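Take a look at the structure set out below.
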Amino acid sequence: MIPLLDLRAQYAGIKTELDAAVLSTLASGAYVSGPQVDAFEKKFAEYCGAREAIAMNSGTSALHLALLALGIGPGDEVIAPAMTFVATVAAIRYAGATPVLADVDPVTWNIDPAAVERAVTARTRAIIPVHLHGRMADMDAIMAIAEKHGLRVIEDAAQAHGATWRGRGAGTIGDIGCFSFYPGKNLGACGEGGGAVTDQPDLAARMHKLRDWGQEGRYNHVEHAFNYRMDGIQGAILSVKLGHLSRWTERRRQVAALYDDLLAGLPLTRPAKAVAQEHVWHVYAIRHPERDRLAKGLLDAGVATGLHYPRPVHLQPAYAALGNGPGSFPVAEALALDCLSLPIFPELTPEQQKHICATIGQLLEHSSVNSHAA
Ligand SMILES: *Cc1c(COP(=O)(O)O)cnc(C)c1O
């Protein structure tokens, strides 16, 4: 079976180094925050090209505190894409603000700047572009809209560690960038983890305080806050893995390029070429009207696939109250129906990719859609 991603293969590749880091943290007694987390924050800020990083217990927490640090709350509107993981929108609700969804671009799958512009009202305070699948949103257009209307920008870079836009790191272009270190992300902990980066020291200080009970000195709680700290072991693990991230990203790019070659000429939609940026390929998603039949055929041939995502946020029961019914965001809805994510991870071999693509080729030979199109 070829999995969608293979965390055991990743562990096998760095076992000695990772085991040593975990054991030394166990012996150190620094289990929550502490020197391992401080060291990771320094290295991660440097990796992103940001002044400061604030480690937390999840990417969702990072989004929540980014909004609070910017003073966003009840009565404020925050614009986010309809095609994202629900955490982007949940965090806006955690802050007490109102999510306003915008449709995505059919080529990049990322928030459509024209749709953002249309969604701006007198109450809009911020935009959260999501760098979906590791491809950065059009940051030139988004920053221009933000400047024009006096809005803050929080980058949801949960899938885009190390991506760059015109040479600038994901997460460092807006006011704050938020990352997830969930195990399956490009940089993943061995448990939950997340963090934010910013160049603005006041925002960093605010997030540091909000993640740790609003304390200024021990047991001096100056504001109502949260327990969003990172574990020492996760900090140690992330420091080790960060040392391998550039190499892993390079491998992801090779995997994506080989898929592009092997799938060329087949009647399906491949991911668009990256423009103005370095893509980090968290997900490699194709589009085909018979995606369910393809997924089933691949599974029968021993290949796991994924759907990112099978339903846009506005059609999730949890967010029905936003009031955007079917047809509200046609591009996001179309992507949800025909997207299919293929296995992508640094350890995936060319032989495995050839098997995957040959299987897709065979399945498409028997495609009714195909013969209609021909
Ligand atoms: C994973 C993810 C999050 C949430 O991160 P967690 O660490 O799981 O809380 C937020 N936004 C996007 C786009 C994600 O992919």
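The values are calculated or read from the model by the stated rules, or taken from the named source; none is laboratory data. Being a predicted model, the structure only gives us computed values, none of them experimental. Glycine gets a Cβ as well: all are built from the backbone with ideal geometry, and neighbour counts include every protein chain shown. The area values use the complete protein model at the heavy-atom level, side chains included, leaving out ligands, DNA and RNA. Shrake-Rupley method; radii C 1.70, N 1.55, O 1.52, S 1.80 Å.
Among the residues of the stretch 23-57, those identified as part of a helix (DSSP H, G or I) and more than 26 Å from the chain's Cα centre (by Cα) are Leu23, Ser24, Thr25, Leu26, Ala27, Ser28, Pro35. I'd like the full set of residues that are surrounded by fewer than 20 Cβ atoms within 10 Å (Cβ to Cβ) and not in a loop (DSSP other than H, G, I, E, B), limited to the stretch 160-181. The answer is Thr164, Arg168. All of Arg229, Arg166 fail the test of being on the phi > 0 side of the Ramachandran plot and touching a strand residue (DSSP E or B) at 6+ places or on another chain (Cβ under 9 Å), apart from Arg166. Taken over the stretch 181-216, residues that are closer than 27 Å to Pro3 by Cβ and of a type in the set (Asp, Glu) amount to 1. Among the residues of the stretch 133-159, those identified as assigned to a loop (DSSP other than H, G, I, E, B), within 14 Å of the ligand (Cβ to nearest atom) and open to solvent by 10 Å² or more (accessible area, probe 1.4 Å) are Arg135, Ala158, Gln159. Inspection of the stretch 317-327 finds no residue satisfying the criterion of being in contact with a Gly (Cβ under 7 Å, 6 or more places away or on another chain), aliphatic (A, V, I, L, M), touching a residue at least 40 places away in the same chain (Cβ under 8 Å) and open to solvent by less than 60 Å² (accessible area, probe 1.4 Å). When you scan the stretch 341-356, do you find a residue that is of a type outside the set (Phe, Trp, Tyr) and either more than 28 Å from His244 (Cβ to Cβ) or in the same structural domain as Ile173 (by TED's automatic domain parsing) (or both), even just one? No: zero hits.
Out of curiosity, is Ala204 away from the ligand (no atom under 16 Å from the Cβ) and outside any loop (DSSP other than H, G, I, E, B)?
yes
Thr60: open to solvent by 20 Å² or more (accessible area, probe 1.4 Å), closer than 20 Å to Asp212 by Cα, outside any strand (DSSP E or B) and in contact with a helix residue (DSSP H, G or I) (Cβ under 9 Å, 6 or more places away or on another chain), yes or no? Criteria met by Thr60. Residues in the stretch 272-298 that are within 12 Å of Met136 (Cα to Cα), hydrophobic (A, V, I, L, M, F, W, C) and buried (at least 22 other Cβ atoms within 10 Å of the Cβ): Val280, Trp281.
Report yes if some residue within the stretch 115-132 is buried (at least 24 other Cβ atoms within 10 Å of the Cβ), within 11 Å of the ligand (Cβ to nearest atom), part of a helix (DSSP H, G or I) and not basic (Lys, Arg); otherwise report no. The answer is yes; a qualifying residue exists.
Results for (1) part of a loop (DSSP other than H, G, I, E, B); (2) in contact (Cβ under 8 Å) with a residue 12 or more places away in the chain; (3) open to solvent by less than 10 Å² (accessible area, probe 1.4 Å), shown as yes or no for each residue.
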site	(1), (2), (3)
Asn186	yes, yes, yes
Gly195	no, yes, yes
Gly217	yes, no, no
Arg229	yes, yes, no
